[in-house]
Amino acid sequence: MPTLSPTDIATLGPGQLADALAALKQPSFRRGQLVAWLYGRLATSFEAMSDLPAGLRAGLAERFSLVHPELAEAQRSADGTRKYLWRLPDGVLIESVGIPSGDRLTVCYSTQAGCAMGCTFCATGRGGFVRDLLPGEMVWQVALVAEDFKMRASNAVAMGQGEPFNNYDATLAALRLMNDKKGPGIGARHLTISTCGVIPGIERLAREPEQFTLAVSLHSAVQATRDRIMPGVRRWPLKDLQETLIDYTQRTGRRPTLEFALIGGQNDTPAEVTALLAFARGWMCHVNLIPVNPVEGASAGRPADARVAEVAAILSAAGVETSVRVERGTDIEAACGQLTQRHRPSAG
Ligand code: SAH
Ligand code: SF4
C-alpha cells in the first residue's frame, strides 16, 4: 500500500486548516485566505500566496507539502462530457468526469481509488480497493475540472470511484471545503453523496447540519438479488435500509434519490418491479432508473428502452416520483460505473 506524507496539505479539512494556522499564531481570517488560494485560485505553492505574510508562507512550506493531482490523460466525448485521469503524488491514478449542461457544470469525483464493495455491474468494484482519498484530493478534482472547462462548478457528485461512506470523515471535510465560498463555493444542496447503502454513514449524514443531498444505490429491492449483485452491503439488509432512509427524511425533510440501474433479466423482472414499488412507496423518495452501462467482463446487459419506460410508468402510476437518467459520456467510458482502476501503476 502506498504511503502518504502526513504533512500533505490535502489531508486537512476546514477545521484542521484553522488549527494549523492557530498553531502558527495566525488570526482566524487567514483560514479563508488559505482556502481561497488552495481550492479557489489553485495555487501550486505556498510561495505564490501573495497576500499571506512571508513568514507564514515559509512556515506553511516547512510543515506541509502542496502537490496538485497531475493530469495523466483527458478524453472528450462527442456530447461535451470530459473524463480525466489524475496521478496523485504517490503514483495512484484516479478518474473524474465533467458534465456540462447549458450554464451548469456537474463534476463527478472519486472518493477512493478503487472500491472494496465489489458490485458485480460496476467496473470500479471489479478492480478492487487501492486507498482512501484525502479531502483536498477530492476538492482538487472538482476545482481542476472546473478550471479546464473555464466554468464554475455548479454541482459536484460523489459518484466516481469509491464508496464515500467508507471514507466518511475525509468526504465530509471535502464537502465542506467545496461548499466554502472562498473555495469552489458550491451550494450544499448541489453537493450529492451517493452510497451503496452503508447505513451508519446515512445515519451520520442525517445528523450533519448542512443540507447535502443523498443518493442511495438500491439496484434491487429483493434481498437475494441485492446480496448477489452488491455483496459488499449484505450486512445491511433492505428492511433496515428502508427504516434508516425514512428516519433520514423525517430528520432532514429532504428527499433522497434511489438509484436503480436496470440490468436486463436480473432486476427488471415483474417480481423485482413489485419489490421496488413496495420499497419506495409511501415515503419521500425519488427513483432514478439508469439503463445499466456496459462494463467489461460483467454479465450486465441493458434492458430494451421500452422496458425501462414501462418500469418508469408502473412506478409513476403508483405515485412514486420517478425519472430515467440520460447517460452522458458512454463513448469514452465516462458514464456511471465505467470508471476503472485499470491504469493502476502496478498493473503497467
Ligand atoms: N459507491 C457509490 C458511489 C459511486 S458509484 C455508490 O455505489 O453509490 C455511482 C453510481 O453508479 C451508483 O449509483 C452506482 O451503483 C452506479 N453504477 C455502477 N455501475 C454502473 C453501471 N455499470 N451502470 C450504471 N450505473 C452504475
Ligand atoms: Fe463501489 Fe459504488 Fe461501484 Fe459498488 S457501485 S463497487 S459501491 S463504486
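How large is Rg over Rh for the range 262-312, taking Rg from the Cα atoms and Rh as the Kirkwood inverse mean of 1/r across Cα pairs?
1.00
Test of the criteria: in the range 244-311, which GluC sites (Glu not before Pro) are in a DSSP loop and have at most 16 other Cβ atoms within 10 angstrom of their Cβ? Intermediate values should be presented prior to the final figure.
Working: sites: Glu259, Glu272, Glu296, Glu310; in loops: Glu296.
The qualifying sites are Glu296.
Specify the inter-centroid distance of the range 13-29 and the range 38-69, based on alpha-carbon positions, in whole Å.
Between the Cα centres of the range 13-29 and the range 38-69 lies a distance of 14 Å.
With r as the distance between the Cβ atoms of Ala306 and Thr249 and R0 = 35 Å, compute the FRET efficiency 1/(1 + (r/R0)^6) and round to 0.05.
0.60
Kindly write out, for the range 240-249 in residue order, the coupling ³J(HN,Hα) from the Karplus curve 6.51 cos²θ - 1.76 cosθ + 1.60 (θ = phi - 60°), rounded to whole Hz, with x marking Gly and Pro.
5, 4, 5, 4, 5, 5, 5, 4, 4, 5
How much mean residue ellipticity at 222 nm does the chain get from its helices, if each DSSP H run of length 4 or more adds -39500 (n - 2.57) and you divide by all residues, to the nearest 500 deg cm²/dmol?
Per the formula, -9500 deg cm²/dmol.
Using only Cα atoms, find the angle between the long axis of helix 54-63 and the longest principal axis of the chain, and express it within 0 to 90 degrees, rounded to the nearest 10.
It is inclined by approximately 50 degrees.
In percent, what relative contact order does the range 25-154 have, based on Cα pairs under 8 Å that are 6 or more apart in sequence?
Computed value for the range 25-154: 17 percent relative contact order.
Ignoring solvent entirely, what values of log10 I(q)/I(0) come out of the Debye formula for the range 184-223 at 0.14, 0.22, 0.23, 0.29 Å⁻¹ when each Cα is a single scatterer?
Each listed q maps to, in turn, -0.37, -0.75, -0.80, -1.03.
Taking amide H positions as placed 1.01 Å from N in the peptide plane, with prolines and chain starts having none, which residues 5 or more places from Val216, or on another chain, fall under 5 Å of its amide H?
Thr195, Thr257, Leu258, Glu259
How do the peptides 314-323, 150-159 rank, highest first, by the average count of neighbouring beta carbon atoms within 10 Å per residue?
Result, highest mean first: 150-159, 314-323.
Would you grab the residues whose amide H sits under 5 Å from the one on Ala221? Only those 5+ places off in sequence or on another chain, please, with H modelled 1.01 Å from N.
Correct list: Leu276.
Which ³J(HN,Hα) values, rounded to whole Hz and listed in residue order, are derived for the range 280-294 from phi using the Karplus coefficients 6.51, -1.76 and 1.60 in 6.51 cos²θ - 1.76 cosθ + 1.60 with θ = phi - 60°, glycine and proline given as x?
Coupling constants for the range 280-294: 8, 6, x, 9, 7, 9, 9, 9, 10, 7, 10, x, 4, 8, x Hz.
For the range 1-122, what is the convex hull volume of its Cα atoms per residue in Å³?
154
Give me Lys239, Lys83 ranked fewest to most by other Cβ atoms within 10 Å of their Cβ, as a rough exposure proxy.
Lys239, Lys83
Once amide H atoms are built 1.01 Å from N in the peptide plane, which residues 5 or more positions from Val130, or in another chain, come under 5 Å H to H?
Those lying under 5 Å, H to H, from Val130 are Ala113, Gly114, Cys115.
Give me the orientation-averaged projected area of the Cα convex hull of the range 112-258, in nm², one decimal.
8.5
With angles folded into 0 to 90 degrees, how steeply does helix 168-179 sit against the dominant principal axis of the chain? Use alpha carbons for both and round to 10.
Approximately 70 degrees, to the nearest 10.
Sticking with the crude label model, points 7 Å out along Cα→Cβ, report the distance from Gln16 to Phe29 in nm, one decimal please.
Taking the two extended label points, one gets 2.7 nm.
Which log10 I(q)/I(0) values, to two decimals, does the chain give at q = 0.06, 0.09 Å⁻¹ under the Debye formula with one point per Cα?
-0.22, -0.49
Do any cysteines of the chain lack a neighbour Cys whose Cβ is under 4.7 Å away, and which are they?
Cys108, Cys115, Cys196, Cys285, Cys336
Can you tell me the alpha carbon radius of gyration of the range 221-339 divided by the globular rule-of-thumb value 2.2 N^0.38 Å? Provide the component values of the computation, followed by the final result.
Numbers: Rg = 14.5 Å, N = 119, 2.2 N^0.38 = 13.5 Å.
With N residues counted in the range 221-339, Rg over 2.2 N^0.38 Å equals 1.07.
Looking at the range 149-224 from every direction and averaging, what is the projected area of its Cα convex hull in nm²? Each step should come with its number before you reach the end.
Working: hull surface 24.2 nm².
Averaged projected hull area, Cα only: 6.0 nm².
List, in order, the whole-Hz ³J(HN,Hα) value for each residue of the range 264-273 obtained from phi through the Karplus relation with A = 6.51, B = -1.76, C = 1.60 and θ = phi - 60°; use x for Gly and Pro.
x, x, 9, 10, 10, 7, x, 5, 5, 5
All of the numbers you see were taken from the coordinates with simple rules; none came from a lab. Here the structure is a predicted model, which means the values were calculated and not measured. Cβ sites come from the backbone with ideal geometry, for glycine too, and all protein chains shown count toward neighbours.
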